[in-house]
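The values are calculated or read from the model by the stated rules, or taken from the named source; none is laboratory data. As the structure is a prediction and not an experimental result, all values here were calculated from the model. When we count neighbours, we look across all protein chains shown, and the Cβ atoms used for this are built from the backbone with ideal geometry, even at glycine.
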């Protein structure tokens with residue numbers, strides 16, 4: 001289901017003391033690191049996610065996958081669209097980067113999702129209704145902000 005066809009759930013924004021290119025690299029690194037955790041693959045398997053492992057090109061690009069998500073669009077330094085689905089929901093997580101000043105950017109995470117049937121409604125209450133989704137999204141954004149504000153990692157030859 002295309003991201004625009006899904007109902008809006010929420011969005012969260014953080015301001016980052018970093019240029020969009022540094023923020024983009026930090027976003028991709030944090031998402032890859034989060035997806036590599038055993039809990040991510042276990043949860044993806046438990047709820048029956050379509051995407052259960054990290055695969056495809058790195059850094060993240062269209063065709064990449066993380067547990068629970070696949071990248072449908074990657075516009076470096078501007079927008080990253082992750083989509084996914086499992087037994088209880090179809091969803092999209094859209095990250096947007098906007099330059100807000102010299103060496104400063106805003107990172108927004110927009111969630112869109114549908115929760116079909118009674119089990120989908122129960123899942124929504126458990127994940128969204130309890131504040132768990134908001135907590136997890138804000139925590140992810142804070143991790144990206146901290147990583148970006150540390151600056152780019154030096155490359156090794």
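With respect to residue 83, determine if the residue is within 18 Å of residue 113 (Cα to Cα) and modelled with pLDDT of 95 or more. Considered against the rule, which asks whether it is within 18 Å of residue 113 (Cα to Cα) and modelled with pLDDT of 95 or more, residue 83 comes out as yes. Residues in segment 32-46 that are in a helix (DSSP H, G or I) and exposed (fewer than 15 other Cβ atoms within 10 Å of the Cβ): 6 in all.
Conditions tested, residue by residue: (1) in contact with a helix residue (DSSP H, G or I) (Cβ under 9 Å, 6 or more places away or on another chain); (2) surrounded by 17 or more Cβ atoms within 10 Å (Cβ to Cβ); (3) touching a residue at least 60 places away in the same chain (Cβ under 8 Å).
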site	(1), (2), (3)
26	yes, yes, yes
56	no, no, no
66	yes, yes, no
79	no, no, no
101	no, no, no
112	yes, yes, yes
125	no, no, no
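Please specify each residue of segment 86-99 satisfying the condition of being surrounded by fewer than 19 Cβ atoms within 10 Å (Cβ to Cβ) and under 23 Å from residue 76 (Cβ atoms). Correct list: 96, 98, 99.
Residues in segment 112-139 that are touching a strand residue (DSSP E or B) at 6+ places or on another chain (Cβ under 7 Å) and under 21 Å from residue 29 (Cβ atoms): 137, 138.
Taking the criterion of being under 19 Å from residue 25 (Cα atoms) and in contact with a strand residue (DSSP E or B) (Cβ under 6 Å, 6 or more places away or on another chain), the residues of segment 39-69 that qualify are 54, 55, 56, 60, 61, 62, 64, 65, 69. One residue stands out in segment 1-31 among those that are in contact with a strand residue (DSSP E or B) (Cβ under 7 Å, 6 or more places away or on another chain) and part of a helix (DSSP H, G or I): the one that is modelled with the lowest pLDDT, namely 3.
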